[in-house]
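The values are calculated or read from the model by the stated rules, or taken from the named source; none is laboratory data. None of the values given here were measured: they were computed from a predicted structure. Using ideal geometry, Cβ is built from the backbone for each residue, glycine included, and neighbour counts are taken over all protein chains shown. Keep in mind that these areas ignore ligands, DNA and RNA; they rest on the heavy atoms of the full protein, side chains included. Shrake-Rupley method; radii C 1.70, N 1.55, O 1.52, S 1.80 Å.
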Amino acid sequence: MSIAFVFLYLLIIGVTIAGFFITKIRIWKPKRTLVFSAVYFGCGLLAFVYLMFMSGDIAKAPSKEFLQEQRIGNEQLSSDLKLRKYESLKEEHLKFTKTFEATVENIEILRNENSYYLPVYISWAETNENEITVSYYETPLYLNGVYITPFVEEPRIEWNENKLYILEADTEVKMKSVNFSSQLLNVGFHSRFDNPLHDLIGQRILHLNVPKQFNIIDKDGRY
């Protein structure tokens, strides 16, 4: 709330200064300036109250400290998976699991144009069974500091003739944001695009548990 009061304080100063200059114009009188200031300030206050209390679609942005923790955690998870430390995958991040039965030695992964950047990690199971287990994990997703997980569709996994298909829909998220920040008082301005906390934070992972007698061919994979 302190930042909100700073915003209101700056608004009052701005209206007062504007009123001072308006009184210098012949058609304006002090009384009219007072009415103008009261109406302008009242509209701003009503808009502020609406944004704070009346809109059910407003979500509070997480703190920079929280986003930084999420970012570090995801970087650590990515490093662990590259080292095949699959125990780092948490059950709370598991979205779905599917099991398929393979009948040939070579299994090919096929992707649509939107699924190239979904990483696939493979662990080899010491078993004589022919079942391949596909698990999709997703850590909380944030973009520009906004929680976007509810708007991102999960990938579709299909199996046909010993081919694993990864199909993803093209997702576009639109939102409006309001930022009350005391940084307006700073002398210097830094581009928000230089801040890694405004990048996509989160991990989407496809984990395959494959019996050792099968080979996985992923020609289009980027990982």
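Taking into account only those residues within segment 87-115 that are within 25 Å of Glu172 (Cα to Cα) and assigned to a strand (DSSP E or B), which is most open to solvent (accessible area, probe 1.4 Å)?
The initial filter retains those residues of segment 87-115 that are within 25 Å of Glu172 (Cα to Cα), namely 93-96, 110-115.
Now drop any that are not assigned to a strand (DSSP E or B), which leaves 94-96, 110-111.
Details: Leu94: 46, Lys95: 86, Phe96: 37, Leu110: 46, Arg111: 29 Å².
Selected residue: Lys95.
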*Scan (1) modelled with pLDDT under 90; (2) open to solvent by less than 100 Å² (accessible area, probe 1.4 Å); (3) not β-branched (Val, Ile, Thr) for the single condition Phe151 breaks and write down its number.*
(2)
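For segment 128-148, give me the residue count where each residue is in a strand (DSSP E or B) and open to solvent by 80 Å² or more (accessible area, probe 1.4 Å). Don't jump to the end; show me each part of the working.
First, pick out the residues of segment 128-148 that are in a strand (DSSP E or B): 131-138, 142-143, 146-147.
With open to solvent by 80 Å² or more (accessible area, probe 1.4 Å) added as a condition, the list becomes 131, 147.
Counting residues in segment 128-148 that are in a strand (DSSP E or B) and open to solvent by 80 Å² or more (accessible area, probe 1.4 Å) gives 2.
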*Any pair with Cβ under 7 angstrom, 6 or more apart, that starts in segment 80-101 at a residue that is over 22 Å from Asn215 (Cα atoms) and free of Cβ contacts under 8 Å to residues at least 40 places away in the same chain and ends at one that is small (Gly, Ala, Ser) and assigned to a helix (DSSP H, G or I)*: Asp80/Ser88
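Considering only residues of segment 62-72 that are surrounded by fewer than 16 Cβ atoms within 10 Å (Cβ to Cβ) and in contact (Cβ under 8 Å) with a residue 40 or more places away in the chain, which is farthest from Pro140 (Cα to Cα)? First the steps, then the outcome.
Filtering segment 62-72 for residues surrounded by fewer than 16 Cβ atoms within 10 Å (Cβ to Cβ) gives 63-66, 68-69, 72.
Subset that is in contact (Cβ under 8 Å) with a residue 40 or more places away in the chain: 64, 68.
Values: Lys64: 15, Gln68: 13 Å.
Selected residue: Lys64.
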*Could you count how many residues in segment 73-86 are out of contact with any strand residue (DSSP E or B) (no Cβ under 9 Å at 6 or more places or on another chain) and part of a loop (DSSP other than H, G, I, E, B)?*
2
